[in-house]
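Step one of this worksheet: look at the structure below.
The values are calculated or read from the model by the stated rules, or taken from the named source; none is laboratory data. As the structure is a computational prediction, the values presented were derived from the model and not from experiment. Cβ sites come from the backbone with ideal geometry, for glycine too, and all protein chains shown count toward neighbours. Side chains included, ligands, DNA and RNA excluded: accessible areas come from the protein's heavy atoms. Shrake-Rupley method; radii C 1.70, N 1.55, O 1.52, S 1.80 Å.
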Amino acid sequence: MCGIAGYYTSNKGFNGSNLLKSLEGSLYHRGPDQNGTYQNSQVGFVHTRLSIIDISNGRQPFCADGVALIANAEIYNYKELIRNNSEYSYSSSSDCEVIIPLYQKYGLKFSDHLRGMYSVALYDENEDKLIISRDPFGIKPLYYIINESGFYFASEIKALCEAEIIDKKIDNNVLKELLAHQYSLDSNTIISGIKRVLPGETIIIKKGKIEKKFLNNPLKKIGNKNKSDKGFLKKLDSALYDSVSKHLRADVPLGLFLSGGIDSTVLLIIMSELLDKPVNSYTAYFD
């Protein structure tokens, strides 16, 4: 699962060590295996890690050539990305480290090449800017506060509240949305002043202020609308097998939540064919 958090302040006298300790403590349950921090005079990162790939060498933050990275991510095409960016000197076999060479090569378009679920924070020391980005379907959470003292972010609202960066006041308009829809309709959250990074959104922060935002739309147009049902089924089959095979990349045991419906049963069948041992499956039920 992992937890990420940090700050960017324009106040050069700001001492963020206590803030990072608070954020780390609040996010410990997300990543009890390892933790790490990055700090300079204006920026601070903290990462709490749940180890899945490269258990021994995947500690974050990753730092290289003036770029610091923390990520709560599962990048499913990381092996292909490592091969395609072999000129970079990797310090680990982590699926997350590939983000740094992608940023160095493609700049703000780095997320276009990621296949997976992620919340990412990058600090570019040379350009003195912070970049945060969230996967196009919004699977991995990321929240932020921006006020007169700077920009703050974390994987959970609770971490920002416990760090006492903001007064915990309910936004009554968002409360109505939650009661009506079970979710809020835009970037506002139930705590006034805390916003969420939207699915597919990348935000660039300079000098503690938001400089730019943009969205990445994951839904691409279908290339061939005249394909037969048989052709579409073959394409779906190929996509499912490719997706499941990449999701099976891990250095820890894997399992499947099995509801017994069509979706999870299809996944179970594909996993059974791709693995050379029985699939551990789990079903949750209540009285």
Restricting attention to the stretch 49-99, and to residues there that are of a type in the set (F, W, Y) and touching a strand residue (DSSP E or B) at 6+ places or on another chain (Cβ under 7 Å), which single residue is nearest to A239 (Cα to Cα)?
-> Y76
Test set (1) open to solvent by 10 Å² or more (accessible area, probe 1.4 Å); (2) over 26 Å from V252 (Cα atoms) - F45 fails condition number | (1)
Qualifying residues in the stretch 48-84 (those that are within 15 Å of P101 (Cα to Cα) and among the basic types (K, R)) - the one least open to solvent (accessible area, probe 1.4 Å) = K79
Where residues in the stretch 89-127 are aromatic (F, W, Y) and more than 18 Å from the chain's Cα centre (by Cα), which of them is least open to solvent (accessible area, probe 1.4 Å)?
-> Y90
So L256 fits all but one of (1) open to solvent by less than 50 Å² (accessible area, probe 1.4 Å); (2) at pLDDT 90 or above; (3) within 29 Å of D124 (Cα to Cα); (4) not basic (K, R); what number is the exception?
-> (3)
